Amino acid sequence: MGAKIEASVVDPASNWPLFAEKARQLITQDKVAVVFGCWTSVSRKSVLPVFEELNGLLFYPVQYEGEELSKNVFYTGAAPNQQAIPAVEYLMSKDGGGAKRFVLLGTDYVYPRTTNKILRAFLKSKGVAEADIMEEYTPFGHSDYQTIIAKIKKFASEGKKTAVVSTINGDSNVPFYKELGNQGLKATDVPVVAFSVGEEELRGVDTKPLVGHLAAWNYFMSLKNPSNDEFTKKWAAYAKAKNLAGHKDKPLTNDPMEATYIGVYMWKQAVEKAKSFDTDKVIAAMAGQTFKAPSGFTAKMDEKNHHLHKPVFIGEVKADGQFNVVWKTPGPVKAKPWSPYIPGNDKKKDEPEMAKKAAAPKK
Amino acid sequence: MSRWWVSLGLAVAVAFPARAALDAAVVTRLATGDGDEKVAAIAQLIAGGDPRAVPVLQALADGEMSVAGGRVLLVKGEEGLDAVTGEKVSPVPSPRDDVVANNRLRREIESALAALKLLSPDRDARLAAAKELAGGANEAMLPLLKKAVGNETDGTIKPMLELTVAGLELKSADKAQRLAAIRTLAASANPNTRMLLSPLVEKGKDGAFLEKDEDVRVAAQSSLASVEGRLAWSQRAGLAFSGVSLGSILLLAALGLAITYGLMGVINMAHGELIMIGAYTTYVVQNLFRAHLPGAFDWYLAAALPAAFAASALVGMALERTVIRWLYGRPLETLLATWGLSLILIQAVRTLFGAQNVQVENPAFMSGGVEILAGIVLPWSRIVIIGFAIAVLAGMAVLLTRTRLGLFVRAVTQNRAMAACVGVRTARIDTWAFGLGSGIAGLAGCALSQIGNVGPDLGQSYIVDSFMVVVLGGVGQLAGTVYAALGLGILNKVLESWAGAVLAKIAILVVIILFIQKRPQGLFALKGRVID
């Protein structure tokens, strides 16, 4: 198209009402064609009405709990069936240790609660008894995991092989893993699989006691393929040129970065195809876009449900803070934003309501 | 026997001589087979009893094995060895496919290697091996284990091995052997024992017992009861420890505030940031040690403590001189001004060090833990911090009651005008006292860096807790702070184990609100300048 793209960056400082305000400013004042962003589900939920009202376009790059579809949003992160469910299947497999008992441990907010609801239903469908599932939540910023680890130990000693599924958010992971290491709970005995721990989160962590614990993502920095080499090299050069604190000495890439990267390129392709920045035309052109992603597979935007088809990888933490990929899906997996493990979802359509007026009573 | 071990030692030391080779087919399967084939290959290598298998397996567990052009290599740094022949390979071919070991393989390798080490002449090696096998032995190791029990003379290792053997013999076909095994297991305090015994007393889906033999079931029941009784005690001990540990952390975080708020009456919202500065100082000292004194890395904390104290004290004194001193007696303005200062400090650190958390590594002696009772591991880092909190408390008590500075601080606190009349330079004492409180916050930061995150927001998570402890303990009293910190720590942990972390936090706040309603002055009555 040859149009020059200008970036406006706003920082709503993780303050949720501010997200909606800034989104409105971006669309109405800065007249942006597209927004890439939001991190927590709460922030996405707060900007959603703004994007729907003003017919804006949002690319959301983070793994999330599903249960949402909007015409104005493209979800380039993983839905539960592209991260949580394959991870639990791996834990139950022979190579994953054949776990029979599960601890679902999370921070107390919408993503862990919903994910654990889906996982609980999934585990039950696999014949895991109610008594073999323990669900625990901690407040945001919780930093003392002594009692929780003691509980996990007790639970694990009550019979059968146990695994922990962690949706602990952000900073709490460091004290959690430190305590885990110090109390001598090894990955070979009770493996912990995390959905919010990647290369960047391990930056501030002494990884030695964590070796062998697992993470499930759609991308790892350690993947070896030409498009990933290019991606990591570009990022390292950018970090150096822009003198980014931390990244200039140790550039790291991770899954949400890859998801954003795919999103930006797909949007560019869609704009070129639509020959317009008009929201509706770009949305129509997004369907079926493909991009050779750094994961080594070709990611495809689903024709209908606004989610990507992505591969799933399970990695084990290595001593240097990178991940060893121990399992992967043979190819990209189609996202199921309406998890079949939540009752009532079978009637929901796998595409956003296109008629704008009728979109209001969505659920 | 000993010759065998010497040869193993030699093999490890000189990277195994290039005489006879390992079975190439097995090694290839180990490197390129699927999960099951790899497990089978490990068993074959161990069963062969060839000591040269040890480094190969170790390399696989450590992720140092790779395949290039059909050849299996062990690559460590720049050096490469052929896994089959043990010959040196140089230059190391490239590209190579790394052989990935997952948890399942690592577990197999660990227990296999442990089984080999059971006959080691070194007591520590045997003890480590026995511990390893307590959780991961399999039937194939039974003959070896029995042999090890026969040879063992050490009073700690022998019972451990006997329990492991008993655990394996539970599945034996001989009823007498099973009953004997169950009776042996009654003496166990290992949580794994419960895993072994509980299937024997469980009912299946159809309501019938899974274990058909009544005698076995009854024996298992009584053994299980005694094991569980023992475990319950160790759990209580663990809970008490975690309560004391949390209490010691609260105490450290609140001690500095007990001086600046408790004694001086300054509502210092930037207290948390002074803790954060202490933690970042520890980070800087750690990096200096890593860069210039890597040999003495384990001792970086010794240098970090005074540095953290000094850094926070200096920042605190500067704040007092420039801002806080002009606001004495105006609590609301102090609150707002110090809150602003805290935001400035956070942003300054964020600009200097970046918004991400930084990595503070524990020195080796503070990693891991000591097992006091089976299943209860007390982490060294927490033990050290409890000791440290006691030391800081004692130091502060001595400083306040036995030194000239302490005397002046108390005098100024109790009656400023009178103290000034008898020649105490009250303004200077204020600065020193504020510096002392800030310095102690720095020490707390140094300790907290060992167990939690170090990031610009570190202080925010401790400020509320600190105020809670000081207010609950009674403003102006050190003893109150100690009781309040320990009380809150233990209460929090007891509630947490009973109702979960989220409810425990709510319950604690409700308890404090009710308490303050009943007794606004806190546990101990308030004396000092805050009244005027």
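The values are calculated or read from the model by the stated rules, or taken from the named source; none is laboratory data. Predicted model, so just to flag it, every value in this text is computed and none were measured. In this analysis, Cβ positions are derived from the backbone assuming ideal geometry, glycine residues included, and neighbour counts consider all displayed protein chains. Just the protein is used for accessible areas: all its heavy atoms, side chains included, with ligands, DNA and RNA removed. Shrake-Rupley method; radii C 1.70, N 1.55, O 1.52, S 1.80 Å.
Tell me the net charge near B:Ser461. Cut-off is 14 Å between Cβ atoms, B:Ser461 excluded, with +1 for each Lys or Arg and -1 for each Asp or Glu. That sum, taken over residues with Cβ under 14 Å, equals -4. Each part reduced to its alpha carbon centroid, segment B:275-297 and segment B:306-328 end up 22 Å apart. Among the residues of A:94-100, the average count of other protein chain beta-carbon atoms within 10 Å of the residue beta-carbon is 3.
Relative to its residue count, segment B:362-512 spans a Cα convex hull of 147 Å³ per residue. Distance from the Cα centroid of segment B:52-89 to that of segment A:48-102 is 40 Å (rounded to whole angstrom).
Spatial offset of segment B:359-429 relative to segment B:461-528 amounts to 19 Å, using the alpha carbon center of each. Helices in chain A, meaning DSSP H runs of at least 4 residues, each add -39500 (n - 2.57). Divided by all residues, the mean residue ellipticity at 222 nm is -10500 deg cm²/dmol. Note on A:315-327: average number of Cβ atoms from other chains within 10 Å of each residue's Cβ is 2. What you get for segment B:101-200, charging only the Cβ of Lys and Arg (+1) and of Asp and Glu (-1), is a dipole of about 220 debye around the Cα centre. When you filter the GluC sites (Glu not before Pro) in segment A:37-93 for DSSP loop state and at most 11 other Cβ atoms inside 10 Å of their Cβ, nothing is left. Among A:Met286, B:Leu246, B:Leu170, whose Cα sits farthest toward the positive end of the charge dipole of the protein assembly as shown (+1 at Cβ of Lys/Arg, -1 at Cβ of Asp/Glu, about the Cα centre)? It is B:Leu246.
Note on segment B:15-144: antiparallel DSSP beta bridges, both residues inside, total approximately 100 percent of the bridges counted. Give, to the nearest whole percent, the P(r) tail of chain B beyond 30 angstrom, counting all Cα pairs. Roughly 64 percent, rounded to a whole number. As a rough guide to protection, the peptides A:232-239, A:196-203, A:344-351, B:431-438 ranked by mean Cβ packing within 10 Å, highest first, stand as B:431-438, A:196-203, A:232-239, A:344-351. Here the dipole of segment A:88-208 is about 520 debye; that uses its Cα centre as origin and unit charges on the Cβ of Lys and Arg (positive) and Asp and Glu (negative).
Every Cα-Cα pair in segment B:118-236 was counted, and those over 19 Å apart are 49% of them.
Across the alpha-carbon atoms of the protein assembly as shown, the computed radius of gyration and Dmax are 30.3, 93 angstrom. Distance distribution note for segment B:314-388: the fraction of Cα pairs above 15 angstrom is 72%. A P(r) calculated from all alpha carbon pairs of segment B:393-463, with 5 Å bins opening at zero, reads 4, 14, 21, 18, 13, 12, 10, 6, 3, 1 percent.
Straight-line cross-link partners of B:Lys158 among the lysines, defined as a Cα under 16 Å from its Cα and at least 8 positions apart when in the same chain: B:Lys117, B:Lys131, B:Lys146, B:Lys147.
For a straight C-alpha distance cut-off of 29 angstrom, the lysines reachable from B:Lys518 (same-chain residues fewer than eight places away being disregarded) are B:Lys493, B:Lys505, B:Lys527. Sorted into 20 angstrom bins from 0, the C-alpha pair distances of chain A split as 29, 59, 13, 0 percent. Neighbours of B:Val424, meaning other residues whose beta-carbon lies under 12 angstrom from its beta-carbon, give a summed charge of +4 when Lys and Arg score +1 and Asp and Glu score -1.
When only the Cβ of Lys, Arg, Asp and Glu is charged (+1, +1, -1, -1), the dipole of the protein assembly as shown relative to its Cα centre reaches about 1320 debye.
Summed over both chains, the contact between B and A buries some 4000 Å² of accessible surface at a probe radius of 1.4 Å.
Neighbours of B:Ser367 by Cβ distance under 15 Å: Lys/Arg scored +1, Asp/Glu scored -1, total -1. Angle of helix A:173-182 to the longest C-alpha principal axis of chain A, folded into 0 to 90 degrees and rounded to 10: 20°. Sparse packing (at most 14 other Cβ atoms within 10 Å of the Cβ) combined with a DSSP loop state is found for the following trypsin sites (Lys or Arg not before Pro) in segment A:78-117: A:Lys94. Shown for the protein assembly as shown: the carbon plus sulfur share of the solvent-accessible area, taken with all protein chains present and a 1.4 angstrom probe, equals 61%. Judged by the ratio a/c of the largest to the smallest principal axis of the C-alpha gyration tensor, segment A:222-350 counts as oblate, that ratio being 1.5 or greater while a/b is no larger than b/c. Taking 24 Å as the limit for the C-alpha separation, the pairs A:Lys334/B:Lys38; A:Lys292/A:Lys318; B:Lys171/B:Lys203 exceed it in the case of A:Lys334/B:Lys38; A:Lys292/A:Lys318. Shielding value for A:185-193 is 4, the average number of Cβ atoms from other chains within 10 Å of each residue's Cβ. Highest average first, the peptides B:339-346, A:122-129, B:306-313 ordered by how many other beta carbon atoms sit within 10 Å of their residues are B:306-313, B:339-346, A:122-129. Starting from the Cα of A:Lys242, draw a straight line to each of the lysines and keep only those under 16 Å, dropping any in the same chain fewer than 8 residues away. Cross-link targets: A:Lys233, A:Lys234, A:Lys250. Only helical runs count toward this figure. For chain B, summing -39,500 (n - 2.57) over DSSP H runs of n ≥ 4 and dividing by all residues gives -21500 deg cm²/dmol at 222 nm.
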